[in-house]
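Contents: one structure, followed by commentary.
The values are calculated or read from the model by the stated rules, or taken from the named source; none is laboratory data. Note that the structure is predicted; figures quoted are calculated from it, not measured. Note that we place each Cβ from the backbone using ideal geometry, even for glycine, and neighbour counts take in every protein chain shown.
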Amino acid sequence: MSLEIISIIVLFVSFFTLLLLKVPVAYSIGISTTISLLLNIDKMPGLTTIAQRMTTGIDSFALLAIPFFVLAGEIMKQGGIANRLINFAKSLVASLPGGLAYVNVLASMLFGAISGSAVAAASAIGSIMTDRMEEEGYPRALSASVNITSSTTGLLIPPSNILIVYALASGGTASVAALFIAGYLPGILLGLAIMGYVAFIAINKGYARGQRATLFEIWTYFRKAFFSLSLLIIVVGGIVAGIFTATEASVIAVLYAAILSLIYGDMKIKDMPKILLTSAKTTAVVMFLICTSMAMSWLFSFEGIPEMISSFLLDSLSNKFAIFLAINIILLIVGTFMDMTPAVLIFTPIFLPVVTTLGMDPVHFGIVIVLNLCIGICTPPVGTLLFVGSGVANVSVTKVIRSLLPFLAIMVAVLMLISFIPEISMFLPRLFGL
Amino acid sequence: MSKSEFIFNKVNKILEWFLIIIFALLVLDVLFQVFSRYLLGRSFTWTEEFARFSLIWMTIIGAAYLNAKKEHLSMDFLYEKMSISNKRKTSIFIEVCIFLFALIVMVIGGANLVYTTLHLEQLSGTLRIPLGYVYAVLPFSGFLIICFSIYHISGVCSNKSNSQL
Amino acid sequence: EKIEGPEVLYLGHTLPQTHPVHKGMLEFQKALEKKSSGSLKVKIFPDGQLGSERELLELLQIGSVAATKVSAATLSNFVPEYNVMGIPYLFRNKEHQFSVLEGSIGKSILEKGSKFWLRGLCYYDAGSRSFYTSKKAIRTPQDLKGLKIRVQNNQMAINMVNTMGGDATPLAYGELYTAIQQGVVDGAENNPPSFVSSNHYEISKYYTLDEHSSVPDVLLIGTKYWDKLSVEQRVWVQEAADESAQAQKKFWRESVEESMKVAKDWGVEIIIPEKSLFAEKSKSVVEKFVEKYPEMANIVNDIKNN
Ligand code: NA
Ligand code: NA
């Protein structure tokens, strides 16, 4: 057996063993990378190289958007924005059959869209909506399923931290601006597909519809939510209009959310240190993962693993369709047991060269990999969103899983559409020439 | 409160304030970058480098703080099914893994990186500070992580109740 | 234990495989394998697979990568003498440039790197950098007034654009395409092959060939690796590098011609300005430089008098 093969086996076996034994993901990545690299090069250069990759891996101005969007989201959570969005969503869609379920979907989409975090959306909206839905006869597990799956749309609709991570992992072949614009239609399509399934259940089970809101009421709630919704226009509009770069947009979002929350009076200046600390912790979780993942991805390049896997896929599968499908299936499996950020960081450098060889745009692939892994965060054994969503709904994970299955099927169907119809992702970026 | 517990809490407090201050500086720095371009009509060359280096420090110090709080992302589905005594063994194994990584890569590898870049006098592009200072965060944070690991291991060993697991 | 088979020299760089400088390194690979009868192999990692230019230089010092190719601009943060190459209008023309670089002055600068564990092997032609803009044409230095021009994050480049009257805006290269397109900056500066391979020509109306600086690329080998080679092997490596440098100049010329044609066909207006106006405007940059690095005044003078 060649040294390359041995070191790959060592890498993956040690990685999964450590992962299963609850060693933190970032350390599992770092330790397995160290062991594997030391098989190849001398000790001191090897260790120093890993240390260097950990530091330089996050030495990127584009990555600053992550702490800033996390901070903006945290400020918004404190600032009473969730309630305003729910009331606005209610005035729009509550009068449809199964009205409250739509309110949940739409509010999760809006909150996810603004905050860029699915977990923030699921916890903010779920904690408010589940009780209201139960009063109208919805099982809590169903509310949780609706909430969990619709919160993933916020990862596709900009701003989105995971798309920034992908842009980094793509080695700059996909720009953050293009990815942001590309995420709109797939995110909205996913939201609509979930709503479609909700309509199907609501009509079957005869869930109540709410009162139709008058235009005046819609206007009132819109006005109250207006400044919260404006954040989307400021961030994305500012990037598209060339007022600032994607990274700078994220800091504008912080400033805007802070001013808005201070005016609303839901946040005081003295709350800031606590908000900064919470955000710094969330940032460190993601960024330290990026540190060790960048060391691992350097090891991949050094050992030529991406070329090996891509030539394996290209040689053993005859057509484009089969290869895309195979990649999607691998990612779906990976997603069940791995969290989103490390999965994007580890698998983007491996699969991106394969799909670009087959003519897929790096921006399109970014949307596909993110949507694919959105399914993963809703499934056991490792499903951050599933756990958070079940937790805030106060219902056991096992119960949620049963009602979640059809929603996951819907997500897979949307994933297939988005994988095989590039126009859904690429139409808007092309329109804006990005 | 034991002496080690007292020091542990003090160090955490300092780390918390460090993270808060550096994050606030980061926000102000990038806001300044945007506004100086529009309001003052000129760009300063140091804002980008300052932001990048601050992010490195915030992340790697933040990682040490997460170790203190045991808040790194990990997968516990197998761990949850273990017996109490296996949980105890696994907890010690986890801390030993973290300890070794921090020692070998962050302290030894990191110190060699700092030594190399300082010895060879590499300067950053615009702030003109030695790159070694930026990299110094790695052995520094590695040292903190080692201390936290020892603290956690001694906690698991001495504490016969299971609150630490 | 030692693995049997040929010795492999890992060479990492940041350029795409279509780039004329990459082709130069392929020549190096071919020549070295031939001279050593296959006992010394070169494995090239393009596209920044192993890191950015700055990171690669560190990896050479650390000893995990054997060789790299970087711009002399990046190298100047490691080996101060390379700062000289960034001086605007330092060389009168290409003949002057290469007679300096391939003569004793250039060789002694390559040698200077050994002190920093980075031994220079040869220079590659990276042409001359010129301004391109998306809205307003630059015909004289006065036209630069008020224009935000993206520059590399490097003091000399920043000083140069500011002294000429522009507003130097250091920005990450990866963000540049959208920044030009959306108007965050009004333009940038680079050589023709990079102007085209980055697709910036698609969003630029004007390319002003003022050729303000001619910073070469440098092929380097880490002394940690070099010291392990036998005397015979060192000779092979140096000869292979020298041969590749000659071949590379031809690749560069061809690439400039092709790139200019692509830009013209796209509809970019090519402006040939009075270069002396720009040179005149940027004179104080040299004075400031010599003031700051008096020890390098001699090198600057030697180059000018060459
Ligand atoms: Na979003
Ligand atoms: Na999962």
Working only within the range A:77-91, note down all residues that are out of contact with any Leu (no Cβ under 7 Å at 6 or more places or on another chain) and either among the polar types (S, T, N, Q) or at pLDDT 80 or above (or both).
A:Gln78, A:Asn83, A:Arg84, A:Ile86, A:Asn87, A:Phe88, A:Lys90, A:Ser91
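Return the only residue of A:Ala65, A:Ala51 being within 30 Å of A:Val119 (Cα to Cα) and buried (at least 24 other Cβ atoms within 10 Å of the Cβ). Show your work before the answer.
Working: A:Ala51 fails: within 30 Å of A:Val119 (Cα to Cα).
So the residue among A:Ala65, A:Ala51 that is within 30 Å of A:Val119 (Cα to Cα) and buried (at least 24 other Cβ atoms within 10 Å of the Cβ) is A:Ala65.
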Only one of (1) without any contact (Cβ under 8 Å) to a residue 12 or more places away in the chain; (2) more than 22 Å from C:Ser284 (Cβ to Cβ) is not met by C:Gly63, so which one is it?
(1)
When residues of the range A:343-396 are filtered for being away from ligand 2 (no atom under 16 Å from the Cβ) and either within 30 Å of A:Ser301 (Cβ to Cβ) or surrounded by fewer than 24 Cβ atoms within 10 Å (Cβ to Cβ) (or both), how many remain?
26
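Would you mind finding the one in A:Gly154, A:Gly98 that is farther than 27 Å from A:Phe365 by Cα and either within 12 Å of ligand 1 (Cβ to nearest atom) or touching a strand residue (DSSP E or B) at 6+ places or on another chain (Cβ under 9 Å) (or both)? Can you show your working first?
Numbers: A:Gly154 fails: farther than 27 Å from A:Phe365 by Cα.
The unique qualifying residue is A:Gly98.
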Test set (1) out of contact with any Ser or Thr (no Cβ under 6 Å at 6 or more places or on another chain); (2) at the interface with chain A (Cβ under 9 Å from one of its Cβ atoms); (3) not aromatic (Phe, Trp, Tyr) - B:Arg37 fails condition number:
(1)
Hits in the range C:280-306 - residues which are farther than 22 Å from C:Glu211 by Cβ and among the small types (Gly, Ala, Ser)
C:Ala297
When the range A:241-283 is examined, which residues are found to be of a type in the set (A, V, I, L, M, F, W, C), within 14 Å of chain C (Cβ to nearest Cβ) and surrounded by fewer than 18 Cβ atoms within 10 Å (Cβ to Cβ)?
A:Ala241
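Taking the range A:266-278 as the region of interest, how many residues are modelled with pLDDT of 90 or more and out of contact with any Phe, Trp or Tyr (no Cβ under 7 Å at 6 or more places or on another chain)? If you could, list the steps in order and put the result at the bottom.
Here is the first cut: in the range A:266-278, the residues modelled with pLDDT of 90 or more are A:270-278.
Of the ones still in play, those that are also out of contact with any Phe, Trp or Tyr (no Cβ under 7 Å at 6 or more places or on another chain) are A:270-275, A:277-278.
Of the residues in the range A:266-278, 8 are modelled with pLDDT of 90 or more and out of contact with any Phe, Trp or Tyr (no Cβ under 7 Å at 6 or more places or on another chain).
Does A:Phe288 fit the bill of being touching a residue at least 24 places away in the same chain (Cβ under 8 Å) and either over 24 Å from A:Ala62 (Cα atoms) or outside any helix (DSSP H, G or I) (or both)? Walk me through how you get there before you give the answer.
Details: touching a residue at least 24 places away in the same chain (Cβ under 8 Å): yes; either over 24 Å from A:Ala62 (Cα atoms) or outside any helix (DSSP H, G or I) (or both): no.
For A:Phe288, the condition - touching a residue at least 24 places away in the same chain (Cβ under 8 Å) and either over 24 Å from A:Ala62 (Cα atoms) or outside any helix (DSSP H, G or I) (or both) - is not met.
Mind checking which helices (runs of 4 or more DSSP H) fall wholly inside the range A:326-434 and carry at least 2 residues that are modelled with pLDDT of 90 or more and small (Gly, Ala, Ser)? Give the derivation first.
Working: elements: A:340-357, A:362-376, A:384-393, A:397-420, A:422-431.
It comes to A:362-376, A:397-420.
Looking only at residues that are within 7 Å of another protein chain (Cβ to nearest Cβ) and under 12 Å from the mean Cα position of the chain (by Cα) in the range B:72-107, which one is nearest to A:Thr384 (Cα to Cα)? Outline the logic, then answer.
The initial filter retains those residues of the range B:72-107 that are within 7 Å of another protein chain (Cβ to nearest Cβ), namely B:72-79, B:90, B:93-94, B:97-98, B:101, B:104-106.
Narrowing the set further to residues that are under 12 Å from the mean Cα position of the chain (by Cα) leaves B:72, B:106.
On the way: B:His72: 13, B:Met106: 29 Å.
Within the range B:72-107, the match that is nearest to A:Thr384 (Cα to Cα) is B:His72.
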The condition of being under 15 Å from A:Tyr166 (Cβ atoms), of a type in the set (Val, Ile, Thr) and more than 16 Å from ligand 1 (Cβ to nearest atom) holds, among A:Val412, A:Val368, A:Val354, A:Val344, only for A:Val368
Which one of these does C:Pro88 not meet: (1) closer than 22 Å to C:Ser130 by Cβ; (2) assigned to a helix (DSSP H, G or I)?
(2)
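If you check A:Gly112, A:Gly73, which single one turns out to be within 13 Å of ligand 1 (Cβ to nearest atom) and within 22 Å of A:Glu248 (Cβ to Cβ)? Please lay out each step first, then the result.
Values: A:Gly112 fails: within 22 Å of A:Glu248 (Cβ to Cβ).
So the residue among A:Gly112, A:Gly73 that is within 13 Å of ligand 1 (Cβ to nearest atom) and within 22 Å of A:Glu248 (Cβ to Cβ) is A:Gly73.
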